Amino acid sequence: MKIEFSHVNKNYGSTRQALHDVSFTIPNEEMVFVTGHSGAGKSTLLKLISLIERPTSGQILINDRNLASFKSRDIPFHRRNIGVVFQENTLINEYNVFRNVAMPLEICSTHPQEIKKRVNASLDKVGLLHKAKQYPDKLSAGEHQRVGIARAIVSRPALLLADEPTGNLDAALSDEITDLFAAFNQVGITAIIATHDNRQLKRFSCPVIELQEGQISQVYQSSEVTD
Amino acid sequence: MRFFQMLLRAWQDLLKTPSSTLANVLVIGVALSIPTVGYGLAKSVKELSFALEHKPHINVFVSPNVSPAEIQVIEGELGFTNGIQSIKTITKEEALKSFEAASGIQNVLDSLEKNPLPTTIVITPKDDFLSVDGIQNLIDTVKKIDGIDEVQVNQEWLERLNMISEFTTTIAFVLAGLIAFAIVFILSNTIRLLIANRKNQIMVSKLVGASDSFVRQPFLYLGFLYGLLGGLVAYGIYWIVLFLLQQPITELANSYKTTFSLYQLNNVDSATLIVSAAVLGWLAARFSVGKHLNDIKPR
């Protein structure tokens with residue numbers, strides 16, 4: 001999925017400016033890190049792409065289609081092409097792991113057999129097939145995050161958005177999770193990962209967009225990062 | 001197929017919180033039973049039968065130009081009419097004689113060119129036709145016979161009963177309206193709480209691309225189910241009331257030498273009650289969902 005921001009501004013209310021004149025292009029099948037301190041505008045950027053928020057001004061093109069042309073009734077279909085992973089746990093505690101992962105498929109009334117096949121494949125990829133029947137309160141933090149990733153990829157989206165996916169995890173688990181994103185990127189999924197974990201940047205060679213107070217302060221290759 | 005799947009899921013959801021489900025269903029059921037009992041009472045009054053000593057007679061006035069032979073034909077036709085126990089014909093001559101006797105005026109006919117009194121046929125209805133509707137049916141049937149000028153019944157009691165029945169029906173409908181209003185509020189509040197409880201679920205559903213109708217649906221089914229169960233409870237309460245009141249009412253009626261039984265809901269009544277309760281629940285959910293679902297981000 002190709003993503004183009006041009007002169008995007010986003011204000012919350014009349015005072016707080018979350019993004020200011022942001023322009024960049026992410027080519028299809030690329031993996032990109034977005035970094036910056038908390039409050040720099042990383043989450044806002046991801047929310048604009050998934051149409052959780054609308055820009056105050058400027059334009060966002062996804063595969064050359066202007067997001068402003070999406071009416072509210074088109075939004076669900078747009079989101080079905082995007083897998084989203086958050087820092088905080090967004091699993092439903094009343095559902096077991098299998099049903100949590102199945103959610104994106106259930107909403108477009110996929111055949112139960114197909115759901116079973118794809119959920120199992122997805123859980124297998126994150127190494128949690130054996131926990132399919134467990135409930136989220138029995139899972140560790142790392143497992144939580146992996147179930148979230150399984151849910152994000154189960155509908156085979158063209159784009160993966162991750163907002164601080166390793167924020168709560170120790171180094172080894174963080175590596176594991178980021179490697180998963182890299183693996184999905186290898187099979188052609190565009191991935192945008194918001195993180196302030198510099199350690200992860202150094203492990204890959206991909207573009208980094210650095211935000212500072214809502215503006216792009218620099219764009220560079222992650223392999224150039226030094227301490 | 002999908003309808004029953006969704007209904008089953010809503011049912012399972014309700015069973016997860018049995019005590020609050022029961023409380024809600026009972027509140028709705030009791031509320032709905034009030035207009036239902038009112039409706040039943042109105043219907044009962046309509047079917048009220050009368051004490052034998054006050055049995056009404058129907059007076060049928062034959063047109064003046066009808067010959068005695070034709071009167072016999074009319075009598076024959078009345079004999080075949082359902083609901084008539086007996087008839088008694090008072091010819092115009094007999095009528096004149098009893099008038100003379102009653103008024104004390106002799107030889108009235110001498111001063112008149114012809115007898116102005118009509119031939120009258122007095123009908124005694126069968127017991128099971130002694131109700132507002134029964135008598136009215138009989139009157140309608142008799143009126144259609146050729147050669148009949150007018151049909152009269154001692155209208156007063158009929159009208160009075162009709163009024164009581166209509167009054168009770170009106171009250172029942174007004175109550176039904178008010179209670180429907182109350183139920184929409186009770187249920188929409190219940191649904192609002194459910195929405196709040198499932199905020200996380202709704203949020204995630206929307207994030208992974210659930211359409212509004214997909215998010216809305218479970219709540220509509222819950223409302224439908226609440227209404228349906230409430231309707232069934234109201235139906236049950238009606239039968240309990242019937243059972244409890246039957247004995248004392250029969251005793252009371254017997255003391256007035258009359259028969260009176262409470263109206264039993266027929267299939268149409270029962271279906272109307274239960275279906276409208278379910279629709280009411282669905283509407284309440286729709287109302288609540290429309291109001292509260294948009295509060296949850298992302299939109």
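Bear in mind these aren't lab numbers, they're just calculated from the coordinates by the rules spelled out. Treat the numbers as computed from the prediction; the structure is a model and nothing was measured. So basically every Cβ, Gly included, is an ideal-geometry build from the backbone, and we count neighbours across all protein chains shown.
Label-to-label distance, A:His130 versus A:Ala171, with points set 7 angstrom from Cα along the beta-carbon direction: 2.7 nm.
Hey, fewest Cβ within 10 Å first, where do A:Asp64, A:Asp163, A:Asp179 land in order?
In order of increasing Cβ crowding within 10 Å: A:Asp64, A:Asp179, A:Asp163.
Rounded to the nearest 20 debye, the dipole size of chain A about its Cα centre is 920 debye, using +1 on the Cβ of Lys and Arg and -1 on the Cβ of Asp and Glu. Can you give the calculated 222 nm mean residue ellipticity of the protein assembly as shown, where each DSSP H run of n ≥ 4 adds -39,500 (n - 2.57) and the sum is split over every residue, rounded to the nearest 500 deg cm²/dmol? My calculation for the protein assembly as shown gives -17500 deg cm²/dmol from helical runs alone.
Averaging 1/r over every pair of different alpha carbons in region A:173-222 and inverting the result gives a Kirkwood radius of 11.8 Å. The HN-Hα couplings worked out from phi for region A:44-55 by the Karplus form 6.51 cos²θ - 1.76 cosθ + 1.60 (θ = phi - 60°) are 4, 4, 5, 5, 5, 5, 8, 6, 6, 10, 10, x Hz, whole numbers, x standing for Gly and Pro. Extending 7 Å from Cα along the Cβ direction at A:Val187 and again at A:Ser14 yields two label points whose distance is 5.1 nm. Ranked by how many other Cβ atoms sit within 10 Å of their own Cβ, fewest first, the residues B:Tyr238, A:Tyr12 fall in the order A:Tyr12, B:Tyr238. In order along region B:87-97, the Karplus-derived 3J(HN,Hα) couplings, from 6.51 cos²θ - 1.76 cosθ + 1.60 at θ = phi - 60°, round to 10, 9, 9, 10, 5, 4, 5, 5, 4, 5, 4 Hz, and Gly and Pro are given as x.
Between B:Asn137 and A:Ser109, take the C-beta separation as r, use R0 = 56 Å, and let me know the FRET efficiency to the nearest 0.05. Spell out each step's value before the answer.
Working: r = 55 Å, r/R0 = 0.99.
E(calc), rounded to 0.05, equals 0.50.
Relative to the dominant Cα principal axis of chain B, helix B:132-143 is inclined by about 50°. What FRET efficiency do you get for A:Phe70 and A:Glu29 if R0 is 25 Å and r is their Cβ-Cβ distance, rounded to the nearest 0.05? Calculated transfer efficiency: 0.65.
Could you work out the local net charge near A:Asp170, counting Lys and Arg as +1, Asp and Glu as -1, over the other residues with Cβ closer than 12 Å to its Cβ?
On the way: positive: A:Arg199; negative: A:Asp175, A:Glu176, A:Asp197.
It works out to a net charge of -2.
With respect to chain B, whose longest principal axis is taken over its alpha-carbon atoms, helix B:155-197 is tilted by about 0°.
Between the beta carbons of B:Ser255 and B:Lys291, assuming R0 = 45 Å, the FRET efficiency works out to 0.25 to the nearest 0.05. Peptide B:228-239 shows a mean partner chain C-beta count of 0 within 10 Å per residue C-beta.
Straightening the chain between B:Glu100 and B:Ile34 buys 18.0 nm, computed as 0.36 nm per residue apart minus the Cα-Cα spacing. With only alpha-carbon pairs counted, each pair once and no self-pairs, how large is the Kirkwood hydrodynamic radius of region B:58-153 in angstroms? Kirkwood radius, region B:58-153: 14.3 Å. Against chain A, whose longest principal axis comes from its Cα atoms, helix A:141-153 is set at around 80 degrees.
Judged by the mean number of other Cβ atoms found within 10 Å, the most tightly packed of the peptides A:40-51, B:117-128 leads the ranking A:40-51, B:117-128.
May I ask you to sort A:Arg156, A:Arg118 by Cβ crowding, counting other Cβ atoms within 10 Å and putting the fewest first?
Ascending number of Cβ neighbours within 10 Å: A:Arg156, A:Arg118.
Give me a single rounded figure for B:199-207: the average over its residues of other chain Cβ atoms within 10 Å of their Cβ.
On the way: counts 0, 6, 6, 0, 2, 11, 6, 5, 12.
Taking all residues of B:199-207 together, the mean is 5.
Within 10 Å of each Cβ in peptide A:48-55, how many partner chain Cβ atoms are there on average? Round it to a whole number, please.
On the way: counts 0, 0, 3, 2, 5, 3, 1, 0.
Averaged over the peptide's residues, the number is 2.
With a cut-off of 15 Å, note down the residues of region B:222-256 whose backbone N falls inside the zone around a label point 7 Å from the Cα of B:Asp127 toward its beta carbon. Once the point is set 7 Å along Cα→Cβ of B:Asp127, B:253-256 turn out to lie under 15 Å by backbone N, inside region B:222-256.
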